């Protein structure tokens, strides 16, 4: 039996935030942003809420009908630099600084994670950006993440559109490789923290001899 997937709306916001909070509590990158476990338990959901609000407003959230997994996608047009969003007001007033102020003002890593991932994000070609995908811990290993990603990749293949993501752990990196993603440059080493792997996927319909990766 296939996995039933629908597009989430504003009414699903709290469900998505709770799902992402639980799914990423023990993720290496979340552990780097919020190193103290107890503090992470009480604060991490604010960052997940900030991400959810951005994607509900400007992107798309796919969610399984039973609410056990979701994927946050942004469509990036050609020539757009993801790091430019909100930057016109100066370095202290841009989107990254605003997120930090809203989530955890004394935690510079809330702001830094956005800046560092934006710096390595490829530009120049239109693509679908998998911002994050979360599966409840008790439901991992059931193929829910593969189903969520696969539904978008099928559309990418039909439309000749590329896809991009950053893997936050070895397990997810191996999954993405099986789905056709390849390394898009060197891993991002978070200061005194874990690695993140930028990964790019050419559409499967692309003729033999894939185009070069866009510039980061």
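Apart from one condition, residue 112 fits all of (1) assigned to a helix (DSSP H, G or I); (2) over 21 Å from residue 58 (Cα atoms); (3) at pLDDT below 95; the exception is (3).
If I filter the range 112-128 down to residues being surrounded by fewer than 20 Cβ atoms within 10 Å (Cβ to Cβ) and free of Cβ contacts under 8 Å to residues at least 60 places away in the same chain, which single residue comes out as nearest to residue 47 (Cα to Cα)? Applying the filter and picking the extreme gives 115. In the condition set (1) surrounded by 12 or more Cβ atoms within 10 Å (Cβ to Cβ); (2) at pLDDT below 95; (3) over 15 Å from the mean Cα position of the chain (by Cα), residue 209 is compliant with all but (1). Scanning the range 175-185 for residues that are touching a residue at least 40 places away in the same chain (Cβ under 8 Å) and buried (at least 19 other Cβ atoms within 10 Å of the Cβ) turns up at least one hit. Would you mention how many residues in the range 129-140 are buried (at least 20 other Cβ atoms within 10 Å of the Cβ) and either without any contact (Cβ under 8 Å) to a residue 24 or more places away in the chain or part of a helix (DSSP H, G or I) (or both)? Qualifying residue count, the range 129-140: 0.
Scanning the range 2-18 finds one or more residues that are modelled with pLDDT under 95 and either out of contact with any helix residue (DSSP H, G or I) (no Cβ under 8 Å at 6 or more places or on another chain) or assigned to a helix (DSSP H, G or I) (or both).
Contact annotation: residue pairs with Cβ atoms under 9 Å, 6 or more positions apart or on different chains, pairing a residue in the range 1-25 that is touching a residue at least 60 places away in the same chain (Cβ under 8 Å) with a partner that is exposed (fewer than 11 other Cβ atoms within 10 Å of the Cβ) and not in a helix (DSSP H, G or I), are 3/65; 4/65; 5/65. Taking (1) out of contact with any strand residue (DSSP E or B) (no Cβ under 9 Å at 6 or more places or on another chain); (2) modelled with pLDDT of 95 or more; (3) closer than 21 Å to residue 26 by Cα in turn, residue 105 satisfies each apart from (3).
The values are calculated or read from the model by the stated rules, or taken from the named source; none is laboratory data. All values derive from a computational prediction rather than experimental measurement. Glycine also receives a Cβ, built like all others from the backbone with ideal geometry; neighbour counts cover every protein chain displayed.
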